[in-house]
1. Find how much the distance from LEU124 to ASP439 grows on full extension, using 0.36 nm per residue of separation minus their present alpha carbon separation; answer in nm with one decimal.
2. Can you give the alpha-carbon Rg of the chain over 2.2 N^0.38 Å, where N counts its residues?
3. Dividing the convex hull volume of the Cα atoms of segment 196-344 by its residue count, what figure in Å³ per residue is obtained?
4. Sort HIS338, HIS356, HIS138 by heavy-atom solvent-accessible area, probe 1.4 angstrom, most to least.
5. What is the sum of charges around PHE66, taking Lys and Arg as +1, Asp and Glu as -1, for the other residues whose C-beta is under 15 Å from the C-beta of PHE66?
6. Let me understand segment 56-174 better: what is its radius of gyration from the alpha carbons, and its Dmax, in angstrom?
7. Just to be sure I understand the model, the point goes 7 Å from the Cα along the line to the Cβ. What's the resulting ASP285 to TYR176 distance in nm?
8. Could you grab the relative contact order for the chain? Cα pairs under 8 Å, six or more apart, rounded to a whole percent.
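The values are calculated or read from the model by the stated rules, or taken from the named source; none is laboratory data. Everything numeric here is computed off the predicted structure, so don't read it as measured data. Cβ placement follows ideal geometry from the backbone for every residue including glycine, while neighbour counts extend to all protein chains displayed. Please note that ligands, DNA and RNA were not included when accessible areas were found on the heavy atoms of the full protein model with its side chains. Shrake-Rupley method; radii C 1.70, N 1.55, O 1.52, S 1.80 Å.
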Amino acid sequence: MRAFIRRRRTQKEKTSGFRLSCFVVVLLLSIVPWQPVRAAADGALAAERGVSAFRAGDYQTALQSFLAALAAGLDTPGLRYDLGATYYRLQRYPEAEREFQALAPDPQWAPLAHYNLGLTAQRLGRPQRAMEYFGEAHRTTTDPNLRTLAATAFERLGGAPPSPETSAVVSLAGGYDSNVTLSPDAATVGVSHQGDQFVEALATASHRLAGNSARGWVAHGGLILRKYGDLSQFDVTGSRAGLSYETDSSRVQTGVGAYFDTAYIGRDRLEQVASVDVQARRRLDGGGELRGRYRFGRIAGGGGFEYLDGWQQRLSADAGLALASALLRVGYQLELNHRRDLQQGSEFFSASPTRHLLFATVALRNVAGWQTDARGEYRVSRYGDPNLIDGGTLGILEVTRKDQRYGFALRANRRLTPLWRAFIDYSYYRNQSNLDTYDYSRHQLLAGIEVALEK
């Protein structure tokens, strides 16, 4: 059956969505060998006639032959699957659903059955149920091709694919940063120029230590390295290690975790953060979702950065809405800081802002073969205590720092192989402060490749 299915892949349907669904059904039919085990000879012959008719695109005749094989006593999982696929091609979705549901209790057939139940639920106008089926197929299959198909189908409905037992992402990229120092000009921080080229390497991984995809303990790790061509004193190194307990009941996902992060600027440790992170996500009908997150971090600044000592809290909420082939998300984040702040003689500088952030994102799954994401945001920061600044002949000036920052970011990635992707990132941010020292704008362009591994 592999040969006739491959030939069927060249046929055109009326819409791209219909082409995808039909192609997957036929493709998966091709990987299921026909096994008329100990069936009556006339049942086996009827089944063979059904295969030939399906190969020729005569689905009505194929259905009659498969039903004749069933009536002759040939009742196997393969025949039931072929009946489901044929009903699907005939757009008789309730009958297709019935056949695939009959296969679902069989562990050998369950992942394939759940995937096709997801396709059928889509055609019956039940997107939330379709996501549940795709998620189940993704969690239970050992076939990497089927797992990729299930994840892609899940994403097309506006959801995030279920988490595998083990996953890792490794990327290598190069780019340009127009303002490495985040200052209004190079002279402010005593360097010859602000912009510089860089290379960046990133690796993240997670592994389920105990439990299953519905409920279990997950270990996390990550590392990022950014090396500038000239301004090596601003090289960035960051690491993360953590442990979380996560649940997934199809409609509701939760996670509670503890993490330890370390960041270096050049060769100097900027800070270490021990944090607790709590998050929840609820899927809605129609592919939408609601998300909430709270994070509390205890921060220890490195040598020369002791003014960062203290704590930080972040509370955020957002809502996602599926619109045709796009997912729109809008949200708000509140950030509270209580730091040691910086005292230098008679001068004082607050490092404890309260921040309000509004953001919106849109994800487009297919723009000329690229998956694209765009984000826009606006942030207001007000620092807790007024800065005390030596104004020379004017004496000590007392000014409460207030900042406004806005910006946008674009990301596009394209799958090169089932594992490898190419990506391009661009971002622009502009910070305006009532203290000119903190004004800056920044452009960043980054392009590279990444590999995503799952098990």
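1. The span from LEU124 to ASP439 would gain 108.0 nm if fully extended.
2. 1.25
3. Output value, Cα hull per residue: 149 Å³.
4. Solvent-accessible surface, decreasing: HIS338, HIS356, HIS138.
5. -1
6. 16.4, 65
7. Each label point is offset 7 Å from its Cα along the Cβ direction, giving 5.1 nm.
8. 9
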